[in-house]
Amino acid sequence: MKHLLKMMDLSKAEIIAILDLADQLKYEKKHGISHRLLEGKSIGLIFQKSSTRTRVSFETGAYQLGMQSLFLSSRDLQIGRGEPIQDTARVLSRYLDCIMIRTFAQQEVEDLAAYGSVPVINGLTDFSHPCQVLADLMTIRERYSVLEGLKMCYIGDGDNMANSLIVGGLKSGMQVSVATPKGYEPDESVLAFANGQEGFVLTQDPKEAIADADVVITDTWASMGVESEKEIRQKAFSGYQVNHELMQLAKAGAMVQHCLPAYRGQEISEELFEAHADEIFEEAENRLHAQKAVMVKLLQDAR
Ligand code: CP
Ligand code: NVA
């Protein structure tokens with residue numbers, strides 16, 4: 001494992017190894033056991049979009065591992081004035097041991113990895129959000145002890161979360177059932193991977209998708225970059241809200257996950273969100289542990 005660019009690049013064994021290490025690091029953190037495994041290393045955090053969780057969990061996670069972290073906003077970097085990512089990659093590789101980037105185009109992340117010489121971590125693109133999905137899988141596994149055989153249901157926009165959940169879920173041996181409105185399906189490359197795999201269903205009917213699910217996941221209807229479509233999307237997604245009524249069709253006691261930020265009254269009802277708040281905030285916490293595991297794996301392998 002050289003980089004974390006998208007879920008598609010990870011094998012099942014790599015996913016499980018990251019989750020196992022994340023569990024261990026979480027245990028050590030809770031018990032006050034110091035794990036400064038990456039003492040003296042530096043990570044640059046490039047943000048071309050807003051963030052609460054990703055920024056704070058990477059900064060604190062790096063600190064707990066003994067690393068220095070640098071918050072690099074595209075407003076301040078020369079990228080914002082047109083310096084090519086290829087040059088940025090070659091320059092930053094000479095100062096840093098690892099780069100995390102949150103941006104729009106997946107190609108930019110792929111280019112950063114191709115032109116640089118240090119591990120690159122995707123902190124969200126329009127196409128994928130692998131750090132989030134690793135935290136989700138960790139949280140689901142904490143609850144059920146296994147992933148294999150569970151049914152994951154995703155309802156809403158076929159966005160970066162949908163793309164990454166489908167791949168991460170299927171690779172982990174889960175059944176994955178997705179409901180999106182027409183025209184908002186997941187990426188074609190993801191569907192090419194998923195179609196035909198046992199347990200994968202793509203439908204326009206949320207009721208069909210949620211039937212007997214062990215975990216129900218949703219995300220904003222208007223991701224960063226498409227906010228101007230908010231009104232059109234509200235209409236397109238009406239009937240796709242995850243709420244108590246729909247949850248009746250999932251397995252009794254099913255989990256709810258949301259990467260956050262959540263828009264109550266839109267993709268999720270206020271009542272359902274609050275009823276599952278503990279699981280959702282555990283998921284947010286697990287970003288920290290999962291990303292620490294990713295940094296350790298990448299920087300130990302790079303040695
Ligand atoms: N879930 C997530 O990535 O949150 P932020 O946008 O706050 O980083
Ligand atoms: N799909 C959302 C996820 C935010 C963490 C977005 O890209 O804005």
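Taken together, the values in this text are just the output of simple stated rules run on the coordinates, not laboratory data. What you see is a predicted model; the values in this text were computed from it and never measured. Here the Cβ is made from the backbone with ideal geometry for all residues, glycine too, and neighbour counts use every protein chain on show.
Would you mind ranking Phe71, Phe200 by Cβ crowding within 10 Å, fewest neighbours first? Before the final figure, lay out each step's value.
On the way: Phe71 13, Phe200 18.
Final ranking by Cβ density, sparse to dense: Phe71, Phe200.
From least to most packed, judged by other beta carbons within 10 angstrom and beginning with the fewest, Thr203, Thr218 follow the order Thr203, Thr218.
Counting pairs of alpha carbon atoms under 8 Å apart in space and at least six apart in sequence, what relative contact order in percent does the stretch 206-303 give? It comes to 32 percent, rounded to a whole number. Using a/c under 1.5 as the rounded threshold, could you call the stretch 145-191 rounded, prolate or oblate? The axes a ≥ b ≥ c are square roots of the C-alpha gyration tensor eigenvalues, and prolate needs a/b larger than b/c, oblate otherwise. Since a/c reaches 1.5 and a/b is larger than b/c, the shape of the stretch 145-191 is classed as prolate. Restricting attention to the stretch 186-242, which GluC sites (Glu not before Pro) occupy a DSSP loop and are surrounded by at most 10 other Cβ atoms within 10 Å? Listed in order of number, the matching sites are Glu198. Reducing the stretch 107-143 and the stretch 1-52 to their Cα centroids gives an inter-centroid distance of 10 Å.
Under a Gaussian network description of the chain, with springs only between Cα atoms under 10 Å, the residue in Asp219, Asp76, Asp111 that fluctuates furthest is Asp76.
Among Lys26, Lys171, sorting on how many other beta-carbon atoms sit within 10 Å of each Cβ, with the fewest leading, yields Lys26, Lys171.
Couplings 3J(HN,Hα) for the stretch 12-18, derived from phi with the Karplus relation 6.51 cos²θ - 1.76 cosθ + 1.60 (θ = phi - 60°), are 4, 4, 5, 4, 5, 5, 5 Hz, where x marks Gly and Pro.
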